[in-house]
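The structure under discussion appears below in the form of structure tokens.
Any read-out appearing in this document is the output of simple, stated calculations on the displayed coordinates, not a laboratory observation. Predicted, not measured: the structure shown is a model, and the values here were computed from it. So basically every Cβ, Gly included, is an ideal-geometry build from the backbone, and we count neighbours across all protein chains shown.
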Amino acid sequence: MKSKDHKIICCMAFLLIILALCLAPGDVWSRAQTFSGKATNKNGDIEYIEKHEIIYSGLRAVNSRTTYYSPDNQVIGNLVSEYDPEPGLSGYTFSDFRNGYEDGARLLSDRICLFRTEDLKREESCLSRDQKQIVGQGFHHFILNNLEPIVQGNVFHVKLVLPSRLDEFAFRIKKMEEEGSHVFIRLEIDNWFLRLITPHVDVVYDREHSRLVSYRGVSNIANESGEYAPVRIEYTY
């Protein structure tokens, strides 16, 4: 075999291996995504910093860890999530180290079991599984999986599971506007009357890169005064 032909065959074989890895089951093709978020209050002061790591198997998120830091770089909490194959569902445990608060969800075949611990008192409750449910950071992955339909104007009516309330609530996800590659999306309660008195969440996604750009809504971690105040979080990758 001529040297030139041998090189061509080797290059072809290499390309086939790369293609096979890209098309192989998720446990073969894995990657990690890391990014951080800076949460500021209404005065522009930093409340906390988030550092995220998401592990993917193929195109599916498998697990993630979010670590929360105070402005002086002390660890104040974490959130560890395990994702269900169904987009939007994640079992997780959230811990706030400053006040000992903890909540989370466990995904079972037919139920979602919720728990919270506050003032050393632990409470639990279980819900029947439903295709419309969204749990924890599954919200982020649900939007990523449905970003194009949302851009096209589809409104998603979901059940947001909140372990902090040991219950689920009817919400809707809808596009508010577009600005270049940025899509502005709102998560708000589905009932029109309650919507008038209940805070909503606004998120911005970069459609071109499939990334979360910003979050505006109530913080999921209490500030030093013990309040869950509104924050704006800007993300960097």
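Only beta bridges with both residues in the chain are counted; by DSSP, about 95 percent of them are antiparallel.
If you take the Cα centroid of segment 84-100 and the Cα centroid of segment 164-229, the two points sit 17 Å apart. Once both labels are positioned 7 Å from their Cα atoms along Cα-to-Cβ, the gap between residue 146 and residue 106 label points is 2.8 nm. Inter-label distance, residue 170 to residue 224: 4.3 nm, where each label sits 7 Å from its Cα along the C-beta direction. Remark: the residue 46-residue 155 segment gains 35.9 nm on full extension, using 0.36 nm per residue and subtracting the alpha carbon distance. Applying 0.36 nm per residue to the separation of residue 202 and residue 63 and subtracting their alpha-carbon distance, the gain on full extension is 47.6 nm.
If the chain between residue 117 and residue 234 were fully stretched, how many nm would it gain, using 0.36 nm times the residue separation less the Cα-Cα distance? Present the calculation step by step, with values, prior to reporting the outcome.
Details: separation 117, 0.36 × 117 = 42.12 nm, distance 2.93 nm.
39.2 nm is the gain from fully extending residue 117 to residue 234.
Once the C-beta distance of residue 55 and residue 193 is scaled by a Förster radius of 35 Å, the resulting FRET efficiency is 0.25 to the nearest 0.05.
For the chain, set up a Gaussian network in which alpha carbons nearer than 10 Å are linked by springs, and say which option among 96, 167, 45 fluctuates the most. Between 96, 167, 45, it is 45 that shows the largest mean-square fluctuation.
Between residue 29 and residue 131, the distance separating the two model label sites (each 7 Å from Cα on the Cα→Cβ line) works out to 2.7 nm.
Mind ordering 188-196, 100-108, 55-63 by average Cβ neighbours within 10 Å, highest first?
Working: 188-196: 12.7, 100-108: 18.0, 55-63: 15.7.
Those peptides, ordered most packed to least, come out 100-108, 55-63, 188-196.
Each residue of segment 174-188 is assigned a 3J(HN,Hα), and the resulting list reads 8, 6, 9, 6, 10, 9, x, 8, 8, 10, 9, 10, 10, 10, 9 Hz, derived from the Karplus form 6.51 cos²θ - 1.76 cosθ + 1.60 (θ = phi - 60°), x at Gly and Pro. For the chain, relative contact order (Cα pairs under 8 Å, six or more residues apart, normalised by length) works out to 13 percent.
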